[in-house]
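To start, the structure under review is shown below, and the notes come after it.
The values are calculated or read from the model by the stated rules, or taken from the named source; none is laboratory data. Note that the structure is predicted; figures quoted are calculated from it, not measured. Using ideal geometry, Cβ is built from the backbone for each residue, glycine included, and neighbour counts are taken over all protein chains shown.
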Amino acid sequence: MTAAVLAVVAALALAGVIGWLMNRRAGDVRATGSNTADDIDTSDLGLSAEGPTVVHFSASWCGPCTQVRRVVNQVCTSFGDLGDVAHVEIDMDANPSAARRLSVLSLPTTFIFDADGRQRYRAAGVPKPDDLRSALVPLLAR
């Protein structure tokens, strides 16, 4: 009996550690490699040619997507005189082909594209406002 209880406790502890390791980077804005830029068709995403565009994939059933919408709106409007940051929200259920092309496996997923349409940053989960700002500032300085 004691061995069974210890085995269950050990399994739960291991599952907790694995879950923590898998989710500890959720929401981190990470730079994407240069190899992702040219082989993806972004012509139908509504990207801005004037400056960077924040694109996030959402769905009506996605709870955290509401938080992403709020964070992205706040960050995009906070730049004011530095330049315009466009914001495009794509419903994954309405446009699954775009989600497939960009390898969106979970919601919410947020991308930052530069004015040339190249994918520069990607975040899975709810990004932190400061991380989004720090990723956008160099793209606005061009």
Quick check on VAL85: is it modelled with pLDDT under 90, under 17 Å from ARG69 (Cβ atoms) and either out of contact with any His (no Cβ under 8 Å at 6 or more places or on another chain) or among the hydrophobic types (A, V, I, L, M, F, W, C) (or both)?
yes
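Each row is one residue, and each column tells you yes or no for (1) under 20 Å from THR32 (Cα atoms); (2) surrounded by 15 or more Cβ atoms within 10 Å (Cβ to Cβ).
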position	(1), (2)
ASP91	no, yes
PRO96	no, no
LEU105	yes, no
PHE111	yes, yes
ALA115	yes, yes
TYR121	yes, yes
ALA124	yes, yes
LEU136	yes, yes
Odd one out for THR110 among (1) under 18 Å from GLN67 (Cα atoms); (2) in contact with a Lys or Arg (Cβ under 9 Å, 6 or more places away or on another chain); (3) outside any strand (DSSP E or B); (4) not basic (Lys, Arg)
(3)
Failed item, numbered, when ASP93 is tested on (1) farther than 17 Å from GLN67 by Cβ; (2) without any contact (Cβ under 8 Å) to a residue 40 or more places away in the chain; (3) outside any loop (DSSP other than H, G, I, E, B)
(3)
